[in-house]
Amino acid sequence: AQSVTQLGSHVSVSEGALVLLRCNYSSSVPPYLFWYVQYPNQGLQLLLKYTTGATLVKGINGFEAEFKKSETSFHLTKPSAHMSDAAEYFCAVSVDSSASKIIFGSGTRLSIRP
Amino acid sequence: DAGVTQSPTHLIKTRGQQVTLRCSPKSGHDTVSWYQQALGQGPQFIFQYYEEEERQRGNFPDRFSGHQFPNYSSELNVNALLLGDSALYLCASSFPTSGLSSYEQYFGPGTRLTVT
């Protein structure tokens, strides 16, 4: 069975500081990995995805993530945090080539200090 | 281009009642998935509809059922509501046969269901 663990339900960083949100996955087959962002009272927006190929994936809003098979990790980073990055972030995994069933982690709330 | 739309935005029901939530997929998408997001939790997959049939299902009881119409819109029905069914219900659409873009699901804003 597939699962996702997000380390830290809440992360707080200063504006301009590095953002690091941690995600580990469990999958018996090569996974497809995603990061989604959810702003208050809104649906989820895809930040980036790893399917095959290059293990460093760049997404929207300056975010990127690196797929490390040996560590079963897919951590999300951004070099410099902006106030507008404050939101809930979800890591997710699918083992279906059509992503028909996505398994989400429990989420990490990112707060940005002025 | 309209994204995924859901109705209603909010809904309050009483235990034991039945509820129907509606979803219109993004233009050009033919597949609809439904998720339940309890407060403080990540979304949980309920089921997915493609070509008017349920293609995959998560670990949800038969009280949760759905339907997809010829225009690809979808409904989620929940019978015999329990307090624990209170959650944000998210609809997502995708187009599985479009290559790599099939991995991306576009989410609607959700319907907030409160069961009292």
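Summary table
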{"quantity": "Between A and B, accessible area buried - total, square angstrom, nearest 100, 1.4 angstrom probe", "calculated": "1800 Å²"}
{"quantity": "Label-reachable residues, the range B:1-45, where backbone N falls under 13 Å from a point 7 Å from B:Ala80's Cα toward its Cβ", "calculated": "B:16-18"}
{"quantity": "Value of D in µm² per second that Stokes-Einstein yields for the protein assembly as shown, Kirkwood Rh from Cα pairs, at 4 °C (1.567 mPa s)", "calculated": "72 µm²/s"}
{"quantity": "Among beta bridges that DSSP assigns inside the protein assembly as shown, antiparallel share in %, nearest 5", "calculated": "90 percent"}
{"quantity": "Fraction of accessible area attributable to carbon and sulfur, chain A (%, probe 1.4 Å)", "calculated": "52 percent"}
{"quantity": "Estimated inter-spin distance, B:Thr14 and B:Glu104, nm [label 7 Å along Cα→Cβ]", "calculated": "4.6 nm"}
{"quantity": "Average Cα contact separation per residue, the range A:36-114, under 8 Å, 6 or more apart, as relative contact order %", "calculated": "24 percent"}
{"quantity": "Whichever lysines have a C-alpha closer than 23 Å to that of A:Lys68, once near sequence neighbours (fewer than 8 apart) are set aside", "calculated": "A:Lys49, A:Lys58, A:Lys78, A:Lys101"}
{"quantity": "Rough spin-label spacing in nm, given labels placed 7 Å along Cα→Cβ, for A:Ser26 and B:Ser7", "calculated": "4.3 nm"}
{"quantity": "Sulfur and carbon atoms: percent of accessible area, chain B [1.4 Å]", "calculated": "49 percent"}
{"quantity": "Average beta carbon contacts from partner chains per residue of A:25-38, 10 Å cutoff", "calculated": "1"}
{"quantity": "Charge context of B:Thr114, other residues only, Cβ under 13 angstrom, K/R +1, D/E -1", "calculated": "+2"}
{"quantity": "Whole-number accessible area per residue in Å² for the protein assembly as shown, which is evaluated in the context of all protein chains at 1.4 Å", "calculated": "46 Å²"}
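The values are calculated or read from the model by the stated rules, or taken from the named source; none is laboratory data. Worth saying up front: this structure is predicted, and the values here are computed from it rather than measured. A quick note on method: Cβ atoms are made from the backbone with ideal geometry, for glycine too, and the neighbour counts reach across all protein chains shown. Each accessible area value is taken on the protein alone, full model and side chains, heavy atoms only, with ligands, DNA and RNA left out. Shrake-Rupley method; radii C 1.70, N 1.55, O 1.52, S 1.80 Å.
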